[in-house]
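A.B. asks: Shown below is the structure under consideration.
The values are calculated or read from the model by the stated rules, or taken from the named source; none is laboratory data. Given the structure is predicted, the values throughout are model-derived calculations rather than measurements. Heads up, the Cβs are rebuilt from the backbone with ideal geometry, glycines too, and the neighbour counts pull from every protein chain shown.
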Amino acid sequence: MAPACQGVAVAEALSIGVNYGQIANNLPSPARVSWLLRSMRISKVKLYDADPNVLRAFLGTGVEFVVGIGNEAVPSMTSPAAAQAWLQQHVVPHLLSGARISCVTVGNEVFKGNDTALQAAVLPAMVSVHRALSALGLQGRVNVTTAHSLDIMGPSFPPSSGAFHPAALGHLRPFLAFLSATRSPFLINCYPYFAYKEDPARVPLEYVLFQPNAGVADPRTGLRYDNMLYAQVDAVYAAIQALGYTDVEVKVSETGWPSRGDPDEPGATPEYAGTYIRNLLQRIEMKQGTPLRPATPVDVYVFALFNENLKPGPASERNYGLFYPDGTPVYNVGLHGYLPPMLVSNAARQ
């Protein structure tokens, strides 16, 4: 069994990444998850923390990580000493051991709530972390950003009219200047499912699921959109360009579709979830760009690797996984992964 996993070269890896959340009490060990992801040829993983057990389990695999600083720690990161201490504890030892860490996200969806102190701290914390990386000789190797929800958008359709919400503008102008200066990506969490759930009678399923459809033309640019995700990404590009920046790349840090939901969550089925992810995978493997940026393949991290049974909120929140915790696929999208039994993975690790 071992040679099959070891033979997965990074060059053959899938272009898509995956979010590895752990808000659950029944997940397999990181060592077993490492086998699962390599057997699927997934080589890009996004964490919401910098779990040392996960990073150690993937040493020598070539898998590239995005690690995160949680919202609760963001205000303290405005201190240069705290930022340097966090990196010394959570990033530097793993890099020295051979881990691949390409990005640190400082907070997640901080403009979704009304914590104004947190919102005001994000950019100073990012600057502090970036300077600490430079002091450690890691500038250019690890970039710094944060992930936004689409709530930061005001108008978003047609995509060319995309603009940021006025309440977020004061924060986003200097934020974009930082991203441009440090050549860091703008991360956005996009869920066409939310639009469908809110208005299933008016949002065509084919359009949100990447299925064949006539598409929608942007009257200002003449560009035609045959799926909502690319329209959302281009609306963000338009909002960024409206503030004078053309050199900041937009990456989709989360997208997915729930396989189960509450009675008031239409469309949360394994069939639709499988269709969304399968069709998205096809687009990504085609290295397809959006209509506005056709030469730039869309960089996407699917949410999420596992169903997470302790996530609060509606039932859909606990059912975004590609896999059940026992390694069984929730639906078939052609990703055939192997989760080894516990004894096998322990022996392999030893």
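A.B. asks: Residue check: is L310 exposed (fewer than 15 other Cβ atoms within 10 Å of the Cβ), modelled with pLDDT of 95 or more and not polar (S, T, N, Q)?
C.D. replies: Numbers: exposed (fewer than 15 other Cβ atoms within 10 Å of the Cβ): yes; modelled with pLDDT of 95 or more: yes; not polar (S, T, N, Q): yes.
Judged against the criteria, L310 is a match.
A.B. asks: Of the residues V104, V54, V33, only one is aliphatic (A, V, I, L, M), modelled with pLDDT of 95 or more and outside any helix (DSSP H, G or I); which? Show your work before the answer.
C.D. replies: Working: V54 fails: outside any helix (DSSP H, G or I); V33 fails: outside any helix (DSSP H, G or I).
Exactly one residue qualifies, and that residue is V104.
A.B. asks: Determine whether A167 is surrounded by fewer than 16 Cβ atoms within 10 Å (Cβ to Cβ) and more than 19 Å from C103 (Cα to Cα).
C.D. replies: Working: surrounded by fewer than 16 Cβ atoms within 10 Å (Cβ to Cβ): yes; more than 19 Å from C103 (Cα to Cα): yes.
Against the criterion (surrounded by fewer than 16 Cβ atoms within 10 Å (Cβ to Cβ) and more than 19 Å from C103 (Cα to Cα)), A167 qualifies.
A.B. asks: Moving to a separate point now. Which count do you get for residues in region 57-101 that are surrounded by 19 or more Cβ atoms within 10 Å (Cβ to Cβ), of a type in the set (S, T, N, Q) and either modelled with pLDDT under 95 or not in a helix (DSSP H, G or I) (or both)?
C.D. replies: So the count comes out to 1.
A.B. asks: Then there's this: Among the candidates A121, A117, which residue alone is surrounded by fewer than 18 Cβ atoms within 10 Å (Cβ to Cβ), among the aliphatic types (A, V, I, L, M) and in contact with a helix residue (DSSP H, G or I) (Cβ under 9 Å, 6 or more places away or on another chain)? Reasoning before the result, please.
C.D. replies: Numbers: A121 fails: surrounded by fewer than 18 Cβ atoms within 10 Å (Cβ to Cβ).
Selected residue: A117, the only one of A121, A117 that is surrounded by fewer than 18 Cβ atoms within 10 Å (Cβ to Cβ), among the aliphatic types (A, V, I, L, M) and in contact with a helix residue (DSSP H, G or I) (Cβ under 9 Å, 6 or more places away or on another chain).
A.B. asks: Out of the residues in region 142-161 meeting the condition of being in contact with a strand residue (DSSP E or B) (Cβ under 9 Å, 6 or more places away or on another chain) and over 22 Å from G113 (Cα atoms), tell me which one is surrounded by the most Cβ atoms within 10 Å (Cβ to Cβ).
C.D. replies: The extreme case among them is P159.
A.B. asks: Can you name the condition, by its number, that Y237 falls short on among (1) farther than 19 Å from N19 by Cβ; (2) among the hydroxyl-bearing types (S, T, Y); (3) surrounded by fewer than 19 Cβ atoms within 10 Å (Cβ to Cβ)?
C.D. replies: Going through (1) farther than 19 Å from N19 by Cβ; (2) among the hydroxyl-bearing types (S, T, Y); (3) surrounded by fewer than 19 Cβ atoms within 10 Å (Cβ to Cβ) one by one, Y237 breaks only (3).
A.B. asks: Given V298, V302, which one is in contact with a strand residue (DSSP E or B) (Cβ under 6 Å, 6 or more places away or on another chain) and under 24 Å from T145 (Cβ atoms)? It would help to see each step written out before you state the result.
C.D. replies: Numbers: V298 fails: in contact with a strand residue (DSSP E or B) (Cβ under 6 Å, 6 or more places away or on another chain).
Answer to the check: V302.
A.B. asks: OK, next. Hey, can you tell me all the residues within region 88-109 that are within 12 Å of A73 (Cβ to Cβ) and either hydrophobic (A, V, I, L, M, F, W, C) or more than 19 Å from the chain's Cα centre (by Cα) (or both)?
C.D. replies: Here is the first cut: in region 88-109, the residues within 12 Å of A73 (Cβ to Cβ) are 89-90, 104-108.
Those that are within 12 Å of A73 (Cβ to Cβ) and either hydrophobic (A, V, I, L, M, F, W, C) or more than 19 Å from the chain's Cα centre (by Cα) (or both): Q89, H90, V104, V106.
Condition check ((1) in a helix (DSSP H, G or I); (2) touching a Ser or Thr at 6+ places or on another chain (Cβ under 7 Å); (3) over 19 Å from P185 (Cβ atoms)) across all residues:
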residue: S134; (1), (2), (3): yes, no, no
residue: L138; (1), (2), (3): no, no, no
residue: T145; (1), (2), (3): no, yes, no
residue: L172; (1), (2), (3): yes, no, no
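A.B. asks: In addition: Which count do you get for residues in region 175-207 that are of a type in the set (A, V, I, L, M) and closer than 27 Å to T246 by Cα? Before you say what the answer is, go through the steps one by one.
C.D. replies: Residues of region 175-207 of a type in the set (A, V, I, L, M): 176-177, 179, 181, 187-188, 195, 201, 203, 205.
Pick out the ones that are also closer than 27 Å to T246 by Cα and you get 176-177, 179, 181, 187-188.
Of the residues in region 175-207, 6 are of a type in the set (A, V, I, L, M) and closer than 27 Å to T246 by Cα.
A.B. asks: Follow-up. How many residues does region 87-113 contain that are on the phi < 0 side of the Ramachandran plot and of a type in the set (D, E, K, R)? Write out each step before concluding.
C.D. replies: Residues of region 87-113 on the phi < 0 side of the Ramachandran plot: 87-97, 99-106, 108, 110-113.
So of that shortlist, the ones also of a type in the set (D, E, K, R) come out as 100, 112.
Matching residues across region 87-113 total 2.
A.B. asks: Could you please find all residues in region 286-336 being part of a loop (DSSP other than H, G, I, E, B), among the hydroxyl-bearing types (S, T, Y) and either touching a residue at least 60 places away in the same chain (Cβ under 8 Å) or over 20 Å from V33 (Cβ atoms) (or both)? Talk me through it step by step, then tell me what you get.
C.D. replies: Applying the first criterion (part of a loop (DSSP other than H, G, I, E, B)) to region 286-336 yields 286-299, 304-305, 307-314, 319-322, 324-328, 330-336.
The next check asks that each one be among the hydroxyl-bearing types (S, T, Y); those that pass are 290, 296, 320, 324, 328, 331.
Selection gives T290, T296, Y320, Y331.
A.B. asks: What is the number of the single condition among (1) modelled with pLDDT of 95 or more; (2) among the hydrophobic types (A, V, I, L, M, F, W, C); (3) assigned to a helix (DSSP H, G or I) that A24 does not meet?
C.D. replies: Here A24 clears every test but (3).
A.B. asks: Continuing with the same structure: Give just the number: which of (1) in contact (Cβ under 8 Å) with a residue 60 or more places away in the chain; (2) more than 21 Å from the chain's Cα centre (by Cα); (3) assigned to a helix (DSSP H, G or I) does Y207 not satisfy?
C.D. replies: (1)
A.B. asks: For region 244-264: of the residues being more than 20 Å from the chain's Cα centre (by Cα) and crowded, with 16+ Cβ neighbours inside 10 Å, which is farthest from H336 (Cα to Cα)?
C.D. replies: Y245
A.B. asks: Report, by residue number, each residue of region 38-56 that is in contact with a Gly (Cβ under 8 Å, 6 or more places away or on another chain), buried (at least 23 other Cβ atoms within 10 Å of the Cβ) and either more than 19 Å from E254 (Cα to Cα) or hydrophobic (A, V, I, L, M, F, W, C) (or both).
C.D. replies: Listed by number, the residues that qualify are I42, V45.
A.B. asks: Determine which single condition V110 fails, assuming it passes every other condition in (1) buried (at least 20 other Cβ atoms within 10 Å of the Cβ); (2) in contact (Cβ under 8 Å) with a residue 40 or more places away in the chain; (3) of a type in the set (A, V, I, L, M, F, W, C).
C.D. replies: All conditions pass for V110, except number (2).
A.B. asks: What are the residues in region 210-236 that are more than 18 Å from L281 (Cα to Cα) and assigned to a helix (DSSP H, G or I), if any?
C.D. replies: Listed by number, the residues that qualify are D234, A235, V236.
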